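Undergrad: One structure follows; several queries about it will come next.
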Amino acid sequence: MDFGEPLRGERVRLGLRTLYIVPTRFGWLWLAGAGLLQVVGIQLQRNGPLLLSFLMLALLLLALHLTHFNLMGLELRCGQPAPGFADDLLAYPLQLRCRGRCEGLELRFGEGPISRPGALTAGEHGLSVPWRASRRGRQQPGRLGIRTTAPLGLFVCWTRWDPPVAQLVWPARVAGPVAEVGRQTPGAEATAVAAATGSADWHDVRPHRPEDSQGRLAWKLLAAGRGRHTKTFRSDAEPAPLLTVAATLPLEQALEHLSERIWRCQREGQAWGLVAGGLVLAEGRGMGHRDRCLEALALWR
């Protein structure tokens, strides 16, 4: 069903003026069967077919109200969506408040996958609806369809809503060439001094060698019975590359390659820096650094 005025706003409440209900195909077939039994009962002057037809009509009328009550009074509001990659399935969070039991609920963005949370009891519920973004940037998921046919499948009750909260979409991950504009050695002198005193942050250990300084010995590992290991500091490692887009490629394609490289560096525990247009992000590693770099790519203009 794709007609009816869509709801707008960050928080909506479903009511008589915002819900639509019509019989399903099964409902029309059910009604036709009841009508046929009426004709047969009248023509043959038998009470059995007439009684059965009245029973079917009563169930039809009851299903009309039960299906409508499933969505009546339901409140929906937007959550805070987490960023994700383009072309991947993204989870759009929603908060639902049910005033009573709600069954057979189906939620779907456009032609995307259907989310079926099952039977919901009265109270607050958090759920996510999957959708797929084809472009980077702050994107809105589109029109959300909310429907149910419970409990008998004789009627379908629905409404539509345009959630206004946008979701940050990073460029898709596609392996390819990435340019490097240099390498960054973060404070090697200061790190060396700190390493001598054992006060600097170290990022890895390796087996201890006789020529290594005692100041770099990982005493905690030694005390834990894990043998003698030497701390390695960032200045010991290869300088981190400053990544940027390949100038010979179209911008969107180059951003997808850069997105994949950043995602891979984080997964492999490597350090990297980023030059994104006029923005320079210093060398770093970890999920937080990855998210900052990917956000810079998503909003690149």
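The values are calculated or read from the model by the stated rules, or taken from the named source; none is laboratory data. In this text the structure is predicted, and so the values were computed from the model without any measurement. Reconstructed Cβ throughout: ideal geometry from the backbone, glycine too, with neighbour counts over all protein chains shown. Just the protein is used for accessible areas: all its heavy atoms, side chains included, with ligands, DNA and RNA removed. Shrake-Rupley method; radii C 1.70, N 1.55, O 1.52, S 1.80 Å.
Residues checked against (1) over 27 Å from Pro113 (Cα atoms); (2) of a type in the set (Val, Ile, Thr); (3) in contact with an Asp or Glu (Cβ under 9 Å, 6 or more places away or on another chain):
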| site | (1), (2), (3) |
| --- | --- |
| Thr24 | no, yes, no |
| Ala34 | yes, no, no |
| Ile42 | yes, yes, no |
| Pro49 | yes, no, no |
| Leu71 | no, no, no |
| Arg77 | no, no, yes |
| Gly84 | no, no, no |
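Undergrad: Turning to a different aspect of this structure: With the requirement that a residue be free of Cβ contacts under 8 Å to residues at least 60 places away in the same chain, surrounded by 18 or more Cβ atoms within 10 Å (Cβ to Cβ) and either under 26 Å from the mean Cα position of the chain (by Cα) or not in a strand (DSSP E or B) (or both), what does the range 255-280 give you?
TA: Ile262, Cys265, Gln266, Ala271, Leu274, Ala276
Undergrad: Among the residues of the range 1-22 satisfying the criterion of being under 17 Å from Arg108 (Cα atoms) and surrounded by 13 or more Cβ atoms within 10 Å (Cβ to Cβ), which is modelled with the lowest pLDDT?
TA: By that ranking, first place goes to Met1.
Undergrad: If His68 satisfies every condition in (1) out of contact with any helix residue (DSSP H, G or I) (no Cβ under 8 Å at 6 or more places or on another chain); (2) in contact (Cβ under 8 Å) with a residue 40 or more places away in the chain; (3) open to solvent by less than 40 Å² (accessible area, probe 1.4 Å); (4) assigned to a strand (DSSP E or B) but one, which is the exception?
TA: (4)
Undergrad: Still on this structure, I have one more. Hey, among Val174, Val169, which residue is in contact (Cβ under 8 Å) with a residue 60 or more places away in the chain, among the β-branched types (Val, Ile, Thr) and in contact with a Gly (Cβ under 9 Å, 6 or more places away or on another chain)? Break it down stepwise before answering.
TA: Details: Val174 fails: in contact with a Gly (Cβ under 9 Å, 6 or more places away or on another chain).
On inspection, the qualifying residue turns out to be Val169.
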